[in-house]
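Written below as structure tokens is the structure these notes are about.
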Amino acid sequence: MTDVVAELIEALGEDCVLTGEDVHNRQAGIWRSDTIQAKALLRPRTTAEVSRALAICNAHGQSIVPHGGLTGLVESAITSPDDVALSLERMNRIEEINPVDRTMVVQSGVILQVLQEAAEEHDLMFPLDLGGRGSCTIGGNISTNAGGNRVIRYGMTRDMVLGLEAVLADGTVLSSMNQMIKNNAGYDLKQLFIGTEGSLGVVTRAVLRLREQPTSRSTLLVSLDEFTNLARFLKHMDAALGGTLSAFEVMWNNFYTLVTTPPAENQAPIPRDYPYYVLVEAMGSDDAAVETALAEAYEESLITDAVIAQSEAQRLQLWALRDSVEHTARYAPIYTFDVSLRVSHMEAYLAEVNGRLEARYDDVNNFTFGHMGDGNLHLVISVGQGGPETRKAVEACVYEPLAAIQGSVSAEHGVGLEKKPYLGISRSEQEIELMRTIKRALDPNGILNPGKIFDGASVNEAAA
Ligand SMILES: Cc1cc2nc3c(=O)[nH]c(=O)nc-3n(C[C@H](O)[C@H](O)[C@H](O)COP(=O)(O)OP(=O)(O)OC[C@H]3O[C@@H](n4cnc5c(N)ncnc54)[C@H](O)[C@@H]3O)c2cc1C
């Protein structure tokens, strides 16, 4: 056993420090087939224990990788046998729900769905929602600045966090548990830990902003026959629904066909004959307004067909279409992407990506869907072959065209190891250098999730 592990056991107790098979038997991610490789996995119960663990690791120059629900999609929580993993799984308490201030105080290991349901019990809503809700943690959501299905209305995780507590690399506990919507007293330090993938500190607690539970919800699926109508339909519905539009999820025909054809169990509520389908949700809208908006869209030939969910069961069936992403695995090996670009660039961008792929491979499937209302597309691509070279070539087809249109290689999933080589497409040299400067200031020994997002971040690396 290494010195650092022995010291961690002495400080935290054996129960807090898993080693050997207890670590290696754990899956490395919910969609991964490999298991965790790390010299130890820590399971602290309190912020004080997280602080003690980080102080010890910092003194030993020991790398440490925070773990939430391991649902991340960019290899951001991956460990090597030389790392220590720090799981927040036992810091899973909802400490307080305040219906007057509409706030919730949570520990960072709380599962997203658990806190959504706790808010509902008070007729309130925590608006963040995504397919991984049953496994991802609020700490992971904060650290990735997760987006999801309702960004068009409520923003990303960043917009839902009022305050947080984080432990810095040297064990310092930074309590920034602000409870107010407005607080411009100096730097907003919590932003350092939102979307920075555990590279600047370990998030241990947070104050979340809750919203009133909507009194109604209209969910509908429509089909369209032209891309330009997608953008026009988005504008039309947003304008007609008076601010209640909360999801605008587009599925291209190949994705819709995949998720409505056996072995997928979903029925196709609209025939599979159209190039585009949109799942629209309005929260707090009046049903008549939704029906009028839809009728107008039909009269203006923006849409070709539509169904409106008549019950909660039907609403869930419509959402199941959008959430049935796992069926793309039938085309493995697959490559998944999460890109961001202006809606006005989308059609030409996709034509270019598909053109590049088809020029190179004979058997291309590009299952396309995403949060189009936020300018966010997901592509799941298979080209009939795998391996690192293929992956690199497919990534070039997807990422290179983003440079000319100032798109982003990561809309909502982060960078991790997977997108690190492409960060320069979306961020300037100056931006990346400033990121390194911040990293060195907060974590001079480079112990926190090292090697993720960018290289050259520790003082030692920079000097080398
Ligand atoms: C079916 C499915 C659907 C998804 N849909 C979406 C979607 O619509 N939108 C979206 O944005 N994402 C989506 N994701 C991706 C994923 O769920 C999010 O990135 C989520 O926020 C990760 O949370 P986690 O707890 O699993 O974090 P992990 O995967 O465990 O970790 C992610 C990163 O955060 C760091 N981290 C975790 N906890 C902490 C902490 N307490 N302190 C500091 N760093 C920490 C890790 O080191 C790592 O860098 C989806 C994933 C799945 C499986």
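Here are a few things to note about the model shown:
- Other residues lying with their Cβ under 12 Å from the Cβ of Met125 contribute a combined charge of 0, Lys and Arg counting +1, Asp and Glu -1.
- Coupling constants for the stretch 113-125 follow from the phi torsions by the Karplus curve (6.51 cos²θ - 1.76 cosθ + 1.60, θ = phi - 60°), and in residue order they are 5, 5, 6, 4, 5, 5, 5, 4, 4, 9, 6, 10, 9 Hz; glycine and proline get x.
- At q = 0.22, 0.31 Å⁻¹, base-10 log of I(q)/I(0) for the stretch 204-244 (Debye sum, equal scatterers on each alpha carbon): -0.86, -1.15
- Contact order, relative form, for the chain: 15 percent (alpha carbon pairs under 8 Å, 6 or more residues apart, mean separation divided by residue count).
- Part-to-part distance (alpha-carbon centres) for the stretch 1-55 and the stretch 177-215, which is given in Å: 27
- By the rule of a C-alpha distance below 17 Å, with chain neighbours fewer than 8 residues away ignored, the lysines paired with Lys419 are Lys392, Lys452.
- Between Thr336 and Gln430, the contour length at 0.36 nm per residue exceeds the Cα-Cα span by 31.0 nm.
- Debye intensity ratio I(q)/I(0), log10, the stretch 158-203, q values 0.18, 0.25, 0.32 Å⁻¹ (C-alpha model): -0.51, -0.93, -1.31
- Diffusion coefficient of the chain by Stokes-Einstein, Kirkwood radius over Cα pairs, 10 °C, 1.306 mPa s: 68 µm²/s.
- Within a straight-line Cα-Cα reach of under 20 Å, Lys182 can be paired with the following lysines, leaving aside sequence neighbours fewer than 8 residues apart in one chain: Lys190.
- Under 17 Å from the Asp305 label point (7 Å along Cα→beta-carbon), backbone N, the stretch 365-384: none
- Calculated accessible area for the chain comes out at 43 Å² per residue, all protein chains present (probe 1.4 Å; ligands, DNA, RNA ignored).
The values are calculated or read from the model by the stated rules, or taken from the named source; none is laboratory data. Keep in mind that what you see is a predicted model, and the values were worked out from it rather than measured. Glycine also receives a Cβ, built like all others from the backbone with ideal geometry; neighbour counts cover every protein chain displayed. Surface areas here come from the heavy atoms of the whole protein model, side chains and all, with no ligands, DNA or RNA. Shrake-Rupley method; radii C 1.70, N 1.55, O 1.52, S 1.80 Å.
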